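Colleague: Just passing along the structure, written as C-alpha cells.
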Amino acid sequence: MSSTGRIGEDVSSQQSRRPTRERKQAQHFGHSQQSEDLEELIEAANPGKIAPAVRKGGKRASGKPSLLVTLPLPAPTVPQAPLLPSAPSASAPKIKVEDDSEAQSGPSSLVSKKRSAALIADNDDSELFTPTSSKGPAPKKQRVQPATRKPRAAPRAKVAVKSEVDERPEPRGQPEVWAEERPALCEALPYFNAWESSSFHWGGHVYGLLVDNDNERGYMDEKTVITRTSGGVKINTKTGKMEQMVDQSSTSTKFTVFLNNKERRVPIILIVGAKNEHCPTRVPHRFNVMGLFHVTDAWAERVNGVTVCRVRYEMIDLKAPSWWGVKGSPLPPRKPDYRTKVPAQTCSACGTTSKQRYAVGWMCANEACTSFSHINGEALNKVPAYNPVFLAERTKWPAKILPPMPFKPAPPAGLSNPEMSTSHSAWKGMVCQICGRCNSRTHWDEWKCETDGCTYEIPIHHTIHKASALAPQHAFEAEGHAISFNKWESPVVCKEDFIGYWRKETYELSPGNFISHYHANLVINRQPGGADEMLEALQGARMGMMRHPLEHSPVEGVSLTRHFGTNFGLPYNFIASPDTQAFSQAPAAIMDALNRLTWAGKDAVKDGSYRPFNELLCLGYMEDQRIKFHDDGEKDLGPDIASISLGGAAKMEFRMKGKYWIAKGLTAQTYDPNLPVRPGSQAWELRTAANELYQAGRMDEYKAAKAELFRALKNDKRKHGPSVLTLELRHGDMVVMHGEEIQLVFEHGVVPKGKLRFGLTGRYIKPENIPVEEHWKGDFTIAPDKVYDGDMALFKAEERRRKEEAGDDSDSVSDSEADEED
Ligand SMILES: O=C(O)CCC(=O)C(=O)O
Ligand SMILES: [Fe+2]
C-alpha cells in the first residue's frame, strides 16, 4: 500500500502544466441575481422593430391558424458556425499573486466574510479551515458569470499564503491527487464531499479531512499531523484575529467521530491546503491530497480558559517518504521505532491516566478533574511546545486491515452502459488518471482533464432513451386528457380548460399574474416534431451544453450550476457572441420546441401583450441535478416565459420571496389594522380576519384575533413563503408564466426525477439593448403549414371520426369548433 505521491518528480514540469482551458462565461441562464431590485424595468420594446408576430389566417378548411414570426433585422453578417461548443479562448489565464489583504478584499472572501458570520451563529467551524460557508440563508437564485473571462482554475501562484513569496523549501515530490478549486475537490473525491466544513463524516466516521487554515496550534511533519477539531472560532475583537473563543466539547460528534475512527480502525485521508502554515514545504496546489492516516490520539485541553479538542494522526505507511517532506532531507527510517512511547502518568486527583504530550510537563486530560490542563499546578495560558517524543511516536497499522477506499478514485466505470450515461456518477467529478487533478464535469458532450497539456479524457456515449424508459411513472399518461397531480394553496385559484388534447390549468398567483400548465398526452407527444421526437433528437445533438460558473460561489473557487445548459436566439446582455447560437443554427428539435412554446405563449396571454419568444434556453439535467429557487426577472426580459419538459418528470414549485412574504416590523403595540395585507404573505388570513373585526368595530374579538396573530407570527421562523403551487410536470408538458409579479414577488425551482430531463424555456429579450449586429440570431421563420396549432386539426378530425363512428351525423360542426364559435 503506498500512501505517497510521486517522489522526486521535477517540480518545474508540474508547474508548467498550467490550466489554460478557460471557463466559458456569461450566458443568459435566466437566473437574475437581484431581480427583486430590478423595478427599474427598461422601456418596453419598440414595437416597430418587430413584424406583426402572428398573421392569423381566416378560418381555413384545416382550421389551422398560420403563424409567421420574423424579426426584420439585418441579414447575418457573422459567419455561421457549426453546431459545436464554442472554442475555448487561447489566452492563458492571468496569474495573480495574492497576499492576505487581497484575499480578504476579493469577491470570494467578501462572500466568505459575510457567510462566516452566519456560520459562527450556527457554531460551524469551517471558517477556520477554509473560507467556506453555507448555513446562512438559502442562496438566492444565481446567474452565471458575466462575460469577463476568468481562468478555469487558479494557478499555483494565486493561493493566498501569509507572505507573497512562500519561502518554505521545495517538497520531495508531488501529490498524486490535487485540486485548484474547492468545488472540483468536493465533486471528484467521494471521501471529501464536504462543501462547508473541514471534514467529511458520514455514518459516525470521518473519511476525509482538509487541513488548511488551522494555523494557531497545529503541527505537521512528514509522518505526523495534529489538528484541533472544528467549532468555536470567532473573531477576537481585541486582536482582530480568528481565534478559539467558544469551548469545544469532547462529547460533541465533531470530536467523537475521530474517536470512532481510532477505535474502529477506519483510516482518514488528509488533504493539505496551501493556507496551512505547518506543512514543512511549499505545496504545489491549492488542495493537495496527502494520503492515508489513522487517528493515534485525541484529547481535550484548556488554554486561556477555552477548551479545545485536538487529534493526532499518523501516516499509515511510515516507511515510504512523503511527497511533502523537505526535498533532500533524510528519508524516513525503513524500520520505524514502534517502541519508544511518551510517558503516561496517573492523576492523583482523579485517577485518570494521561500522556505527557507537552515538553514542559505532564497535565491531566480529564475535563472533569480540578487538575485539568494544569502543568505543575498552573493553568495553561498558552499552548506549550509538544513533547518531541510524543511527536516521534510511531504506531503500527496492522497490514491485514485494508483501507476502505483508495485516495485516488478510479474513473466512473461503465459510462457506456445505457443506465450510466446520465447517472450521478457521470457528472459528479473525476480525478485525472494522468496528472491527478480533480475535475468537475463541465461539458455535456465531453469530459476532459482541465490541466493544460494533459490529454486525459473520459469518453462519453450518450445513450438515446425513450420517454417511457426515463419516467416509468408516465404510466399515468393518457391517450385522453392527462390527469393533473398539481397542488396549490389559497390565495392561488385554479381555472381549468380543455384545448383539443391538452388539459390546461391556469393558476392565478396574484391579480393578473398567472401560471398556465398545459398537460400533454400520449397523442400530442407522438406527433411529428412532438415531445417524443424532440427528446430523442436532443439526446443525440451536440449543442455545447455545459455547467456554467456561478457569479457568487457559495464556497471558495468557482462553483458550477447543477445542470447543463446552452442557449439559442438573441444573445443576452454582454455575451461573447460565440456563446449564443443563432436560431438558424439550432437543431430542428430546438425549433420544434420554440414552435410549441410560441403556441402556448399566445394561447395563455390573450391581453395583447404577448411578444414572440426570441431566445430559448435549453437546460439538461442528469440524475440528481436541479435548479434551485430563483426568478427569471432580469430587466431585459419580457414578462412572459414558457417552458417545455422533456424526458423525466419534475416538480416545479412556486413560493413567495422572503422579502414579500415575511410580515416585517409588526409589533402588537404598533399594529395598524388599516394597512393593506398582501394575500399569501405571512399570516395573511389571520391579519385579514383581525382587520375585518376592527373595521366592523368588534373590538373585543379584534383584540383576541390580534393576540392569536402575534402568537402565530412568533412561532413562525420561516424565511420565505411556503410553496403555494407545485406543478407535477411530465414529458411534453408546457408551462407559461405571465406577469411581472411572478418573477418579482415569487420564485420558482425545479427538481427533476429520474436520470435525464430537458427543460427548454422561451423568453422575449428586449432587443434594444442587444447590439444590432447580433439581432439576426433571434430571427426565425416557421412555414405556415408547420406552425404548431396545439394539434387542434388532428383533434377535430378525430372528433369528427368518433362522431361518424357513433353514427352521430346530425351536426357536421365538431364540439370544439362549436366551442370556438361560442
Ligand atoms: O427546467 C425547467 O423546466 C425550468 C428551468 C428554469 O426555471 C429556468 O431556466 O429559469
Ligand atoms: Fe426559471
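Quick note: the coordinates plus some simple rules give every number you see, no bench work behind them. Remember, predicted model here, so these are calculated numbers, not experimental data. We place every Cβ from the backbone using ideal geometry, glycine too, and count neighbours over all the protein chains shown.
Colleague: Got a sec? How would VAL326, VAL342 order by Cβ neighbour count within 10 Å, fewest to most?
Modeller: Final ranking by Cβ density, sparse to dense: VAL326, VAL342.
Colleague: Go through the stretch 701-712 residue by residue and turn each phi into a ³J(HN,Hα) via Karplus (6.51, -1.76, 1.60, θ = phi - 60°); whole Hz please, and just put x for glycine and proline.
Modeller: 5, 4, 4, 5, 5, 5, 4, 5, 4, 6, 5, 5
Colleague: Considering only the other residues whose Cβ falls under 10 Å of the Cβ of SER423, what net charge follows from Lys and Arg at +1 and Asp and Glu at -1?
Modeller: Here the count lands on -1.
Colleague: If amide hydrogens are placed 1.01 Å from N in the peptide plane, which non-local residues have theirs closer than 5 Å to the one on ILE782?
Modeller: VAL69
Colleague: For a quick check: sort GLU805, GLU450 by the number of other beta carbons within 10 angstrom, fewest at the front.
Modeller: Placing the least packed residue first, the sequence is GLU805, GLU450.
Colleague: What shape does the stretch 555-659 take by its C-alpha gyration tensor, where a ≥ b ≥ c are the square roots of the eigenvalues and a/c under 1.5 counts as rounded, a/b above b/c as prolate, and the rest as oblate?
Modeller: Rounded shape, in that the Cα axes give a/c under 1.5.
Colleague: Starting with the fewest neighbours, write out GLU378, GLU533 ranked by other beta-carbon atoms found within 10 Å of each beta-carbon.
Modeller: GLU378, GLU533
Colleague: Now for a separate question. Could you go through the stretch 413-419 in sequence order and give the Karplus-derived ³J(HN,Hα) for each residue, using 6.51 cos²θ - 1.76 cosθ + 1.60 with θ = phi - 60°, rounded to whole Hz, and x for Gly and Pro?
Modeller: 7, x, 5, 7, 6, x, 6
Colleague: If you don't mind, there's one more thing I want to ask. Enumerate the amide H contacts of TRP444 below 5 Å, restricted to partners 5 or more residues apart or on another chain; note that Pro and chain-start residues carry no placed amide H.
Modeller: For TRP444, whose amide H was placed from the backbone, the distant partners under 5 Å are MET545, MET546, ARG547.
Colleague: Continuing with this model, one more query. Past 31 Å, Cα to Cα, is the threshold; run LYS319/LYS428; LYS382/LYS408; LYS714/LYS755; LYS714/LYS753; LYS241/LYS635; LYS606/LYS777 against it and keep the listed order.
Modeller: LYS319/LYS428; LYS382/LYS408; LYS714/LYS755; LYS714/LYS753; LYS241/LYS635
Colleague: Now, a different point. Nearest 20 debye, what's the magnitude of the dipole of the stretch 396-533 about its Cα centre given +1 on Lys and Arg Cβ and -1 on Asp and Glu Cβ?
Modeller: So the dipole magnitude of the stretch 396-533 works out to roughly 840 debye.
Colleague: Ok, one more. Read phi for every residue in the stretch 385-401 and hand back ³J(HN,Hα) as whole Hz from Karplus 6.51 cos²θ - 1.76 cosθ + 1.60, θ = phi - 60°, with x for Gly and Pro.
Modeller: 5, 5, 5, x, 5, 5, 5, 8, 3, 10, 10, 6, 9, x, 4, 6, 8
Colleague: So, counting K/R as plus one and D/E as minus one, what does the shell of residues with Cβ under 11 Å around GLY759 add up to?
Modeller: Overall, the nearby charge balance is +1.
Colleague: Might you report the magnitude of the Cβ-based charge dipole of the stretch 290-399 about its Cα centre, with Lys and Arg at +1 and Asp and Glu at -1, to the nearest 20 debye?
Modeller: I would put it at about 420 debye.
Colleague: Here's another thing I want to ask about it. Taking amide hydrogens as modeled 1.01 Å from N in the peptide plane, which residues meet the under 5 Å criterion relative to ARG503, leaving out close sequence neighbours?
Modeller: Here the answer is ALA482, HIS519, since their amide H atoms fall under 5 Å of that of ARG503.
Colleague: When the dipole is taken about the Cα centre of the stretch 663-715, and only Lys, Arg (+1) and Asp, Glu (-1) are charged at their Cβ, what size is it in debye, to the nearest 20?
Modeller: Dipole about the Cα centre, nearest 20: 220 debye.
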